[in-house]
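Bear in mind these aren't lab numbers, they're just calculated from the coordinates by the rules spelled out. Because the structure is a prediction, the values reported are computed rather than measured. For neighbour counting, all protein chains shown are included, and Cβ atoms are generated from backbone atoms with ideal geometry for every residue, glycine included.
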């Protein structure tokens, strides 16, 4: 991750990646399987899950759809 990013952005990237990994693992999917379902490269999925990728809204939408969850689930845990 670039050092010039504010800490709060780094924390948000990590949180989104953590939620993505948790949702993927709950469905017992590999990164390769999620990549095939979403059209997002598996290396990009890995970087998102590790908080090292500036994720676009398009990627969020594709990943959420592939996981059959609303997009907001990648930003917030359900109450």
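Quick notes on this structure:
- Based on C-alpha pairs under 8 angstrom that are at least 6 apart in sequence, the chain has a relative contact order of 36 percent.
- Prolate/oblate/rounded label for the range 14-74 (Cα gyration tensor, a/c 1.5): rounded
- Ranked by the mean number of other Cβ atoms within 10 Å of their residues, highest first, the peptides 10-19, 67-76 come out as 10-19, 67-76.
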